[in-house]
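Reviewing the structure listed below.
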Amino acid sequence: MEEPTTIQIEKKTRKRLKDLRITKRETYDEIINRLMKNATDPKNKD
C-alpha cells in the first residue's frame, strides 16, 4: 500500500462520499477508485 496523502474537500463532499459507501468499512480511497472506474468504464458510455 502506498503512503496516504491528505486532500482538502468540503464537508458536504465528505458527506456525499460517506453516503456512497457500499459497506461501513469501505474507505474513501476505495469509494473514489470505484467512482473513477465506473466513470471510465466503456460500458457506461452513451
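Considering (1) surrounded by 10 or more Cβ atoms within 10 Å (Cβ to Cβ); (2) at pLDDT 95 or above, the lone condition that K12 does not fulfil carries the number (1). Of everything in segment 15-46, what is loosely packed, with under 10 Cβ neighbours inside 10 Å, acidic (D, E) and modelled with pLDDT of 95 or more? Give them in sequence order. If the condition is that a residue be loosely packed, with under 10 Cβ neighbours inside 10 Å, acidic (D, E) and modelled with pLDDT of 95 or more, then D19 is the only one that fits.
Residue pairs whose Cβ atoms lie under 7 Å apart, sitting 6 or more positions apart in sequence or on different chains, and linking a residue in segment 27-45 that is touching a residue at least 12 places away in the same chain (Cβ under 8 Å) and among the small types (G, A, S) to a partner that is part of a helix (DSSP H, G or I) and surrounded by 10 or more Cβ atoms within 10 Å (Cβ to Cβ), do not occur here.
The values are calculated or read from the model by the stated rules, or taken from the named source; none is laboratory data. From a predicted model like this one, the values you see are computed outputs, not experimental measurements. No Cβ is skipped: glycine too gets one built from the backbone with ideal geometry, and neighbour counts run over all protein chains shown.
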